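> I have a structure I would like to understand better, so I am pasting it below and will then ask my questions one at a time.
Just so you know, all these numbers are worked out from the coordinates, no wet-lab data involved. Bear in mind the structure is a predicted one, so any value in this text is a computation, not a measurement. Here the Cβ is made from the backbone with ideal geometry for all residues, glycine too, and neighbour counts use every protein chain on show.
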Amino acid sequence: MSDGFAGAVASSSENELLRAFVDMADTLVDEYDVADMLHRLARYCVSLLGASAAGLLLADQRGGLEVVASSDEGTRMLELLQLQTEQGPCLDAYRSGQSVTIEDIAAEAVRWPNFARMAGAAGFRSAQAIPLRLRKQVIGTLNLFGGGTSPLAGSTLNVARALADIATIGILQERAIRRGELLTEQLQHALNSRVVIEQAKGVLAHAGGVEMDTAFDRLRGYSRTHRERLSEVAEAVVRGELRPGQVLSED
């Protein structure tokens, strides 16, 4: 590879990363879609940082964790397994408020037998859980999975943490911190949106005979094309106000 071409590739990657930070910074405004923002964060961790998959857990108003976003359906199921069995690096990171890095998931089979088995079956060998934390308040975790035993490190890991920090600040900005009721409402809305989005994915997958991941891509594509909130489009699909064919035709 010539020096010129290598430089062009590096410059392109830097530009993509810069656009990702600008995109995530849009959450620092009065109105934004929490569910869509977290899905974008998961996708950026895969497309820009090299993680094989990513998922996010968010705490509800009672402190219980829920899966709110993932880069693909298989990862969502792995996150759900951690919650159901109450074992895995993501829960440890949430409880401790500290990042958890696992270089070899298989070596943790005694500690987390169900998680290690399912993660291995999905082709993951390493995992990292980064708490969504502002000062001492932890509201969830960003979870990264790798196909090799070399988790993100150095500047790449720092970027992942920075993106997680932006997401956290976007949720816990000053107006929400000052008004506890608004914070609770915002977090609960994100969790409620997650339920509706999953329902809409099921409707679209059944109607179009497509995979759940494809159904979500179409749902999100429609939302972005028509500049509507992801959660509102999902509600329209579930209520029958928006025909599946209209959404499935979106790329």
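> Counting other C-beta atoms within 10 Å, and keeping those with at most 14, which DSSP coil trypsin sites (Lys or Arg not before Pro) do you find in the stretch 115-174?
Working: sites: R117, R125, R133, R135, K136, R161; in loops: R125, R135, K136.
Those satisfying the criteria are R135, K136.
> Right, next: Along its principal axes, what span do the Cα atoms of the stretch 103-241 show, with the longest given first and each in whole Å?
Principal axes ranked by extent give 49, 46, 27 Å for the Cα atoms.
> Could you go through the stretch 134-146 in sequence order and give the Karplus-derived ³J(HN,Hα) for each residue, using 6.51 cos²θ - 1.76 cosθ + 1.60 with θ = phi - 60°, rounded to whole Hz, and x for Gly and Pro?
Result, ordered by residue: 10, 6, 9, 9, 10, 10, x, 9, 9, 10, 10, 10, x Hz.
> Calculate the dipole size of the chain relative to its Cα centre from +1 charges on Lys and Arg beta carbons and -1 charges on Asp and Glu beta carbons; express the result in debye to the nearest 20. Before the final figure, lay out the partial values.
Values: 25 positive and 33 negative charges, 101 e Å.
So the dipole magnitude of the chain works out to roughly 480 debye.
> Quick one: net charge around G97, please, counting Lys, Arg +1 and Asp, Glu -1 for every other residue with C-beta under 11 Å from its C-beta.
Numbers: positive: R95, R133, R135, K136; negative: D92.
Taking every Cβ under 11 Å from that of G97, the sum is +3.
> If you count the DSSP beta bridges with both ends in the chain, what percent of them are antiparallel, to the nearest 5? Don't skip to the answer; put the middle values down first.
Values: 23 of 23 bridges.
Counting only bridges with both partners in the chain, antiparallel ones make up about 100 percent.
> Peptides 44-57, 214-227, 63-76: what's the order by average Cβ count within 10 Å, highest mean first? Before the final figure, lay out each step's value.
Values: 44-57: 22.4, 214-227: 17.9, 63-76: 20.6.
In descending order of packing, they fall as 44-57, 63-76, 214-227.
> Something else about it: Based on DSSP H runs of at least 4 residues, each adding -39500 (n - 2.57), what is the mean residue ellipticity at 222 nm of the chain after dividing by all its residues, to the nearest 500 deg cm²/dmol?
On the way: 11 runs with 148 residues, N = 251.
Mean residue ellipticity, 222 nm, calculated: -19000 deg cm²/dmol.
> When Lys and Arg each count +1 and Asp and Glu each count -1, what net charge do the other residues less than 11 Å away from F115, Cβ to Cβ, add up to? Working shown, then result.
Numbers: positive: R111, R117; negative: E79, E86, D92, E108.
The answer is -2.
> Also, I was wondering about something else. Once whole DSSP H runs in the chain are found, which of them have Cα atoms spread over 27 Å or more along the helix axis and a mean Kyte-Doolittle score of at least -0.5? Walk me through the numbers before you get to the answer.
Details: long enough: 3-25 (33 Å, 0.32); 180-208 (42 Å, 0.04).
Going by DSSP H runs, the hits are 3-25, 180-208.
> What does the stretch 194-248 give for Rg and for Dmax, in Å, if only its C-alpha atoms count?
9.4, 26
> While we're looking at this one, here's another question. Taking square-rooted eigenvalues a ≥ b ≥ c of the alpha carbon gyration tensor, is the chain rounded, prolate or oblate, where a/c under 1.5 means rounded and, failing that, a/b exceeding b/c means prolate? Can you show the working numbers first?
Working: a/c = 1.24, a/b = 1.17, b/c = 1.06.
Rounded shape, in that the Cα axes give a/c under 1.5.
> Could you work out how far the C-alpha centroid of the stretch 33-101 sits from that of the stretch 114-138, in angstrom?
7
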